[in-house]
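Report on the following structure.
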Amino acid sequence: MQGYKLKSTNLIHQPKVIAIGSSTGGLQALTKIFTDLKDYKIEVPIVITQHMPENFDSNFTTKIEEAGDRKCITIKGGEELENGVIYMAPSDKHMVLKNRTGRVICAIDDGPEINFCKSSVEPLFKSVAEIFGAGTHAYVLTGIGSDGIEGA
């Protein structure tokens, strides 16, 4: 499989990445979103931070993978972004993206809670914005608290 490589485009409305932050009710909302998108070819990486209990990761990614009929993984760190793949932050660590000479890599950040959350949406959204800028489509699916607002 080929990894995602940064490339320039003049089409601001065409995303280079989709970033999603979700909280309570996120599994239901994300399942609905990916079920509805199942028949569409999404040719960009999708990165997600979901507030979830510890050790719920594999169950969550399995549900999303089944709903969207596309590969969904909980990152361990070091994964290179690939088009059409869904990347989930682990339940107890923050996910950030790093630019490694034009290649975008998922990384783990074991820093403190942010907005009372770990994993927090903020580090992911901020790193996505630094790398992709206006090429980002970011969605905050939460009704409680403010996690993700600043990064979005």
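Values in this text are rule-based calculations from the coordinates and carry no lab data. Fair warning: this is a prediction, and the values are worked out from it, not measured in the lab.
A few remarks follow.
- Listed pairs LYS63/LYS98; LYS32/LYS71; LYS32/LYS93; LYS16/LYS126; LYS76/LYS118 exceeding 19 Å between Cα atoms: LYS63/LYS98; LYS32/LYS93
- When the alpha carbon gyration tensor of region 20-122 is reduced to an equivalent ellipsoid, the three semi-axes, largest first, read 21, 18, 10 Å.
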